[in-house]
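Asker: Mind looking over this structure? Questions follow.
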2 protein chains.
Amino acid sequence: MRMPQGFQWGGARCGLKNRRNDVGLLVSSVPARAAGVFTTNNVRAACVDYTRASIADGILRAIVVNSGNANCCTGLQGERDTESMAHIAAGKLEIDPSEVAVASTGVIGQLLDMAKVEIGVSVASMELGSDPVPFMDAILTTDLVEKWAYTDDTGVLLEKGARVEGGHDGKASIYGVAKGSGMIAPNMATMLGFLATDWDVSDIDLQGALKAAADVSFNCMTVDGDTSTNDMLLILANGESGVKPTADEFQRALERVCVSLAKQIARDGEGATKLVEVRVRGTEDPKKVARTIAESPLVKTAMFGCDPNWGRIMMAAGRSGVAFDPKDARLRIVVGDEEFLLFEGGGPAAFDAKRVSTALKSDHVVIDLSLEGDAVGLAEQATVYTCDFGYGYVRINAEYHT
Amino acid sequence: MRMPQGFQWGGARCGLKNRRNDVGLLVSSVPARAAGVFTTNNVRAACVDYTRASIADGILRAIVVNSGNANCCTGLQGERDTESMAHIAAGKLEIDPSEVAVASTGVIGQLLDMAKVEIGVSVASMELGSDPVPFMDAILTTDLVEKWAYTDDTGVLLEKGARVEGGHDGKASIYGVAKGSGMIAPNMATMLGFLATDWDVSDIDLQGALKAAADVSFNCMTVDGDTSTNDMLLILANGESGVKPTADEFQRALERVCVSLAKQIARDGEGATKLVEVRVRGTEDPKKVARTIAESPLVKTAMFGCDPNWGRIMMAAGRSGVAFDPKDARLRIVVGDEEFLLFEGGGPAAFDAKRVSTALKSDHVVIDLSLEGDAVGLAEQATVYTCDFGYGYVRINAEYHT
């Protein structure tokens with residue numbers, strides 16, 4: 001596989017966290033069109049405001065990112081440090097600081113060690129290349145695995161762990177990396193996603209496309225319902241391949257990459273043993289119902305315990321604030337090729353609890369809830385990605401001390 | 001202490017759950033004025049609709065309650081069984097079925113064993129008396145302790161575990177009992193609260209008073225954010241003492257009893273080791289901010305781990321959707337007489353993390369967040385009661401199998 005043209009990736013370890021790289025650089029050889037989606041948290045890191053401003057003109061040359069320190073709730077000094085990060089990177093890369101985006105993830109409330117950051121950026125800038133792994137590594141905190149996905153130039157999705165059977169795999173058109181394990185990990189923060197494409201998207205509304213892709217992927221994902229102070233999703237499109245996808249082709253490819261990354265994050269949720277996909281349809285606001293189910297600690301602990309406890313799923317749907325008649329509800333669990341009906345017509349269905357429990361041991365479970373009853377009208381379906389909730393989450397988040 | 005006049009309490013064990021009583025009766029010797037507050041969950045047990053209808057005329061003689069089975073998501077047969085429960089109780093008590101309220105808590109989705117219920121109601125009706133303990137016992141599910149509180153006829157609150165120093169303790173005016181451990185416990189459901197008063201409240205808007213008291217107590221409490229399908233709070237006022245409190249006196253006494261019961265429920269939350277009180281002021285919607293903090297799994301696991309992780313508290317406040325300037329925020333932890341400032345002016349305060357961590361080992365912790373900055377204007381304060389979140393919650397909710 002060849003990476004998108006005209007991008008270089010780098011990473012270095014400067015001691016902001018204990019293991020792995022902690023400073024990363026993604027650089028485009030020419031000014032790239034850029035768009036971003038940011039945390040809605042009212043308490044935000046300085047880098048969120050800085051990067052929002054720096055992409056206001058729609059152009060970026062580079063992204064500099066650090067892990068191990070979120071540089072959030074750090075007052076005026078924190079704002080200065082974010083600005084310095086951009087200036088240091090711009091200096092090393094010999095570009096204008098206004099073309100640099102800054103992202104941070106890690107501990108809240110501690111000042112960045114700028115001497116370390118300067119060394120990290122310097123080393124990373126000297127080791128730029130086409131291999132994205134040093135960069136991927138540099139954005140992780142409590143993540144257990146790297147997260148990446150790309151579409152090849154025929155639009156086929158290739159993702160971590162997926163076989164390439166039938167896929168073209170000739171050349172990546174959109175290449176994406178992400179991190180995130182808790183929305184906030186043990187005092188570490190943040191979902192970060194970075195996408196690089198060499199497609200020429202000059203005729204496409206890049207910001208609109210990114211927002212739409214985020215809405216069906218990262219915005220449909222929840223580990224613990226807590227929104228980080230530093231969340232950031234950025235795309236750089238440098239047009240270097242000369243290929244002009246249609247808006248539809250681009251949107252489809254973009255969404256495939258984002259959904260894959262979102263699922264990888266959910267599956268790697270703190271303490272998680274499985275990816276849980278909650279699908280809801282047949283109501284005015286299926287996403288709200290799906291999100292309420294996906295955020296319910298009782299549903300998530302039942303998934304951890306492989307317990308077909310449909311009462312908790314119906315309870316969560318019922319408290320979502322979305323109106324429906326329980327008599328119209330039809331709740332199924334889908335695991336691979338197996339499908340189990342648990343609740344229908346206002347009462348429990350006859351199912352073999354032992355068989356469902358065994359199926360729930362899978363690392364990928366789908367909760368499928370239809371609320372449309374006989375009147376099959378509202379076809380819109382929402383899917384929210386989450387994980388189960390077990391001892392590991394408590395261990396990671398309670399036994400860590402600030 | 002003498003109980004409110006003209007009420008009798010009873011409980012019996014008929015085998016709906018493994019231990020303790022599982023059917024309870026609360027009976028007024030004369031028709032009592034009645035009011036109720038019910039779950040807002042769209043998926044509701046039959047008893048919720050039944051009882052709402054039976055108190056529509058504002059009069060009740062008795063409450064019959066069972067634990068061990070929520071009789072929810074049980075279709076038409078479930079509705080018939082709720083009605084039967086009222087008829088069985090009315091028959092034993094020789095009153096009209098329309099004067100009987102029904103409450104249930106326990107497993108969702110299983111039909112009630114009505115033969116057992118009939119035996120339970122029969123035995124309970126033969127053992128009615130002034131001792132509320134058999135009744136209290138009959139409403140518990142995963143609760144570890146009974147919950148009760150009352151105000152004496154001078155308005156002083158007496159509650160479980162509280163010394164009576166200075167209290168009059170001559171005679172209870174409003175006596176309340178409650179249960180609840182998870183909003184939903186391991187497939188067991190429900191917050192239930194029952195209040196009996198012999199005050200004459202004929203000139204008082206009983207429903208309005210109960211709703212107002214619920215809004216500052218039970219509706220300001222969260223264990224896991226999950227709202228049960230069977231929640232119910234009922235008050236019976238039979239006027240038997242002949243004493244007419246003013247509306248203010250009554251409201252104050254009612255709120256004291258309800259707040260005490262709500263705190264007892266939060267403290268006994270599934271797997272909880274402490275009561276956590278979240279106080280917020282200085283913003284348009286302090287309750288929304290307090291509730292978001294109280295429901296954050298990251299804040300709750302930090303409380304379990306005795307970790308003064310103020311970054312998580314600020315993160316949760318920030319994602320509440322309520323606007324404020326972090327620079328105006330002032331966050332303190334209060335434990336007994338000790339007070340620790342953690343965050344102020346947009347950055348961390350200087351505090352001794354070890355001392356705060358030691359203080360957090362207390363079984364009652366207050367998180368105090370002021371968002372008003374220098375412009376001290378919005379005096380309104382909201383308090384939300386919750387508990388910490390540890391291995392016990394996961395154990396109870398994941399290792400139980402339906």
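Asker: Name the residues in segment A:30-59 that are touching a Gly at 6+ places or on another chain (Cβ under 8 Å), touching a residue at least 60 places away in the same chain (Cβ under 8 Å) and either over 25 Å from A:MET114 (Cα atoms) or among the small types (Gly, Ala, Ser) (or both), would you?
Answerer: Once the filter is applied, which keeps residues that are touching a Gly at 6+ places or on another chain (Cβ under 8 Å), touching a residue at least 60 places away in the same chain (Cβ under 8 Å) and either over 25 Å from A:MET114 (Cα atoms) or among the small types (Gly, Ala, Ser) (or both), segment A:30-59 yields A:VAL30, A:ALA32, A:ARG33, A:ALA34, A:ALA35, A:ASN41, A:ALA45.
To keep it simple, each residue is scored yes or no on (1) in contact with a helix residue (DSSP H, G or I) (Cβ under 6 Å, 6 or more places away or on another chain); (2) closer than 21 Å to B:GLY269 by Cα; (3) of a type in the set (Phe, Trp, Tyr); (4) surrounded by 13 or more Cβ atoms within 10 Å (Cβ to Cβ).
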| site | (1), (2), (3), (4) |
| --- | --- |
| B:ARG330 | no, no, no, yes |
| B:ASP337 | no, no, no, no |
| B:PHE340 | yes, no, yes, yes |
| B:GLU344 | no, no, no, yes |
| B:ALA349 | no, no, no, yes |
| B:SER357 | no, no, no, yes |
| B:SER362 | no, yes, no, yes |
| B:VAL365 | no, yes, no, yes |
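Asker: Follow-up. Could you check A:ILE293 against (1) over 30 Å from B:GLY392 (Cβ atoms); (2) part of a helix (DSSP H, G or I); (3) open to solvent by less than 10 Å² (accessible area, probe 1.4 Å) and say which number it fails?
Answerer: Only one criterion is unmet by A:ILE293, namely (1).
Asker: Residues of segment B:370-400 being more than 12 Å from chain A (Cβ to nearest Cβ) and modelled with pLDDT under 85, which ones?
Answerer: Of everything in segment B:370-400, those that are more than 12 Å from chain A (Cβ to nearest Cβ) and modelled with pLDDT under 85 turn out to be B:GLU372, B:GLY373, B:ASP374, B:ALA375, B:VAL376, B:GLY377, B:LEU378, B:ALA379, B:GLU380.
Asker: Turning to a different aspect of this structure: Take the residues in segment A:258-281 that are open to solvent by 10 Å² or more (accessible area, probe 1.4 Å) and part of a loop (DSSP other than H, G, I, E, B); name whichever of them is farthest from A:GLN381 (Cα to Cα).
Answerer: Of everything passing the filter in segment A:258-281, A:GLY271 is farthest from A:GLN381 (Cα to Cα).
Asker: Here's another thing I want to ask about it. Return yes when B:ILE119 is modelled with pLDDT of 95 or more, touching a Cys at 6+ places or on another chain (Cβ under 6 Å) and open to solvent by 20 Å² or more (accessible area, probe 1.4 Å) and no when it is not.
Answerer: yes
Asker: So is B:LEU360 in contact with a Cys (Cβ under 6 Å, 6 or more places away or on another chain) and either of a type in the set (A, V, I, L, M, F, W, C) or within 21 Å of B:SER296 (Cα to Cα) (or both) or not?
Answerer: So B:LEU360 passes the test.
Asker: Filter segment B:346-368 down to residues that are outside any loop (DSSP other than H, G, I, E, B) and hydroxyl-bearing (Ser, Thr, Tyr), then give me how many there are. So that I can check it myself, show each step before the final result.
Answerer: Residues of segment B:346-368 that are outside any loop (DSSP other than H, G, I, E, B), as a first pass: B:347-348, B:353-359, B:364-368.
Cutting the leftovers down to hydroxyl-bearing (Ser, Thr, Tyr) gives us B:357-358.
Residues flagged as outside any loop (DSSP other than H, G, I, E, B) and hydroxyl-bearing (Ser, Thr, Tyr) within segment B:346-368 amount to 2.
Asker: Do we have B:SER320 as crowded, with 19+ Cβ neighbours inside 10 Å, of a type in the set (Ser, Thr, Tyr) and touching a Lys or Arg at 6+ places or on another chain (Cβ under 6 Å) here?
Answerer: yes
Asker: Something else about it: Let me spell it out: the conditions are (1) closer than 21 Å to B:HIS87 by Cβ; (2) at pLDDT below 95; (3) touching a Phe, Trp or Tyr at 6+ places or on another chain (Cβ under 7 Å), and B:ALA46 meets all of them except one. Which number is the exception?
Answerer: (3)
Asker: Taking interchain pairs and intrachain pairs at least six residues apart, which have beta carbon atoms under 6 angstrom, with the first residue in segment B:222-243 and part of a loop (DSSP other than H, G, I, E, B) and modelled with pLDDT of 85 or more and the second among the small types (Gly, Ala, Ser) and crowded, with 24+ Cβ neighbours inside 10 Å?
Answerer: Matching pairs, first to second residue: B:ASN238/B:SER28; B:ASN238/B:ALA32.
Asker: Quick check on segment A:7-29. Is at least one of its residues free of Cβ contacts under 8 Å to residues at least 60 places away in the same chain and farther than 22 Å from A:ALA214 by Cβ?
Answerer: Checked against the condition, which is being free of Cβ contacts under 8 Å to residues at least 60 places away in the same chain and farther than 22 Å from A:ALA214 by Cβ, segment A:7-29 yields at least one hit.
Asker: Checking A:PRO308 against (1) more than 23 Å from B:PHE389 (Cβ to Cβ); (2) out of contact with any strand residue (DSSP E or B) (no Cβ under 9 Å at 6 or more places or on another chain), which single condition isn't satisfied?
Answerer: All conditions pass for A:PRO308, except number (2).
Asker: Assess whether A:ILE293 counts as being within 30 Å of A:ILE139 (Cβ to Cβ) and within 14 Å of chain B (Cβ to nearest Cβ).
Answerer: yes
Asker: In segment A:17-58, how many residues are more than 22 Å from the chain's Cα centre (by Cα), charged (D, E, K, R) and part of a strand (DSSP E or B)?
Answerer: Within segment A:17-58, residues that are more than 22 Å from the chain's Cα centre (by Cα), charged (D, E, K, R) and part of a strand (DSSP E or B) number 0.
Asker: Just give me the residues in segment B:60-114 being outside any helix (DSSP H, G or I), touching a residue at least 40 places away in the same chain (Cβ under 8 Å) and open to solvent by 30 Å² or more (accessible area, probe 1.4 Å), in sequence order.
Answerer: If the condition is that a residue be outside any helix (DSSP H, G or I), touching a residue at least 40 places away in the same chain (Cβ under 8 Å) and open to solvent by 30 Å² or more (accessible area, probe 1.4 Å), then B:GLN110, B:LEU111, B:ASP113 are the ones that fit.
Asker: Of all residues in segment A:301-315, which are part of a helix (DSSP H, G or I), open to solvent by less than 10 Å² (accessible area, probe 1.4 Å) and within 16 Å of B:ALA398 (Cβ to Cβ)?
Answerer: Residues satisfying the conditions are A:THR301, A:ALA302, A:MET303, A:GLY311, A:ARG312, A:ILE313.
Asker: Related question: Starting from residues that are at pLDDT below 75 and among the hydrophobic types (A, V, I, L, M, F, W, C), keep the ones in segment A:162-197 and report whichever is farthest from A:THR105 (Cα to Cα).
Answerer: A:VAL164
Asker: Looking only at segment B:303-332, count how many residues are of a type in the set (A, V, I, L, M) and facing another protein chain (nearest Cβ under 7 Å). Can you show your working first?
Answerer: Applying the first criterion (of a type in the set (A, V, I, L, M)) to segment B:303-332 yields B:303, B:313-317, B:322-323, B:329, B:331.
So of that shortlist, the ones also facing another protein chain (nearest Cβ under 7 Å) come out as B:314-317, B:323.
Summing the residues that are of a type in the set (A, V, I, L, M) and facing another protein chain (nearest Cβ under 7 Å) in segment B:303-332 gives 5.
Asker: Which residues, counting only those in segment B:7-45, are within 14 Å of chain A (Cβ to nearest Cβ) and of a type in the set (D, E, K, R)? Full working, then the answer.
Answerer: Here is the first cut: in segment B:7-45, the ones within 14 Å of chain A (Cβ to nearest Cβ) are B:38-45.
Within segment B:7-45, B:ARG44 is the sole residue that qualifies.
Asker: Follow-up. Are there any pairs, at least 6 apart or on different chains, whose C-beta atoms fall under 7 Å, with the first in segment B:245-272 and without any contact (Cβ under 8 Å) to a residue 60 or more places away in the chain and the second part of a helix (DSSP H, G or I) and open to solvent by 30 Å² or more (accessible area, probe 1.4 Å), and if so, which?
Answerer: B:GLN251/B:ALA212
Asker: Another question about this same structure. Give segment A:122-136 a look and list any residue that's out of contact with any Pro (no Cβ under 8 Å at 6 or more places or on another chain) and open to solvent by less than 30 Å² (accessible area, probe 1.4 Å), or say none.
Answerer: Result: A:SER122, A:SER125, A:GLY129, A:PRO132, A:PHE135, A:MET136.
Asker: While we're on this one: Check B:PHE343, B:PHE324 and return the single one that is closer than 15 Å to A:CYS73 by Cα, assigned to a loop (DSSP other than H, G, I, E, B) and not charged (D, E, K, R).
Answerer: Result: B:PHE324 is the single residue among B:PHE343, B:PHE324 that is closer than 15 Å to A:CYS73 by Cα, assigned to a loop (DSSP other than H, G, I, E, B) and not charged (D, E, K, R).
Asker: Looking at segment B:220-238, can you tell me whether even one residue there is surrounded by fewer than 23 Cβ atoms within 10 Å (Cβ to Cβ) and away from chain A (no Cβ under 14 Å)?
Answerer: No: segment B:220-238 contains no residue that is surrounded by fewer than 23 Cβ atoms within 10 Å (Cβ to Cβ) and away from chain A (no Cβ under 14 Å).
The values are calculated or read from the model by the stated rules, or taken from the named source; none is laboratory data. Values in this document were obtained by computation on a predicted structure and should not be read as measured data. Because the Cβ atoms are built from the backbone with ideal geometry, glycine has one as well, and the counts that use them run over all protein chains shown. For the accessible areas, the whole protein counts, side chains as well, though only heavy atoms, and no ligand, DNA or RNA atoms are used. Shrake-Rupley method; radii C 1.70, N 1.55, O 1.52, S 1.80 Å.
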